[in-house]
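Asks: What follows is a single structure, and I will ask about it in a moment.
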Amino acid sequence: MEGTEQYEAAARVAEIPAGGSKLVTIRNKPVAIFNVQGRFYAIHDACPHEGGPLHEGRVKGCIVSCPWHDLAFDLRNGQGTDGGGYCVASYDVRIEGETILIGGRRKA
């Protein structure tokens, strides 16, 4: 597949059921992968407030809330939804066969 050299295999589709998440390391960074009704999203795992593990957060639709202090982020672009100016990196995701591939950081 053209352009896959910049993507890294991160997980198998079957490892993350609908509504689930998984913490992986991509390019030495913690990345949380989420399965929202069969669509996969990837964001930086650490909440910018105090480093809370976003992969352990509560997901409602495409919004994940930090399990430590409830700051919320849109899984589609990493933007904070609380108006405090917080955001996290989001990453391109591709599915190739049964493999979830994580690419470069998206521009919000």
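Asks: Among the residues of the stretch 80-99, what is the count of those that are within 13 Å of the chain's Cα centre (by Cα) and surrounded by fewer than 16 Cβ atoms within 10 Å (Cβ to Cβ)?
Replies: Residues that pass the stated criteria total 2.
Asks: Where residues in the stretch 34-46 are in a loop (DSSP other than H, G, I, E, B) and not small (Gly, Ala, Ser), which of them is nearest to Asn77 (Cα to Cα)?
Replies: Checking each candidate, the answer is Asp45.
Asks: As an exercise: evaluate Val31 against (1) of a type outside the set (Asp, Glu); (2) out of contact with any Leu (no Cβ under 6 Å at 6 or more places or on another chain); (3) surrounded by fewer than 20 Cβ atoms within 10 Å (Cβ to Cβ); (4) in a strand (DSSP E or B) and give the number of the one condition it does not meet.
Replies: All conditions pass for Val31, except number (3).
Asks: While we're looking at this one, here's another question. Do you know which residues across the stretch 1-28 are loosely packed, with under 12 Cβ neighbours inside 10 Å, outside any loop (DSSP other than H, G, I, E, B) and more than 12 Å from the chain's Cα centre (by Cα)?
Replies: Glu5, Gln6, Ala14
Asks: Looking at (1) among the charged types (D, E, K, R); (2) farther than 20 Å from Arg39 by Cα; (3) in contact with a Lys or Arg (Cβ under 6 Å, 6 or more places away or on another chain), which is the only condition Asp70 fails?
Replies: Checking Asp70 against (1) among the charged types (D, E, K, R); (2) farther than 20 Å from Arg39 by Cα; (3) in contact with a Lys or Arg (Cβ under 6 Å, 6 or more places away or on another chain), the one that fails is (3).
Asks: Condition test on His49, is it more than 14 Å from Arg105 (Cα to Cα), under 11 Å from the mean Cα position of the chain (by Cα) and not in a strand (DSSP E or B)?
Replies: The answer is no for His49.
The numbers here are math on the coordinates, done by the rules we state, and not lab data. Model, not experiment: these values are computed from the prediction. Virtual Cβ from ideal backbone geometry, glycine too; neighbours counted across all protein chains shown.
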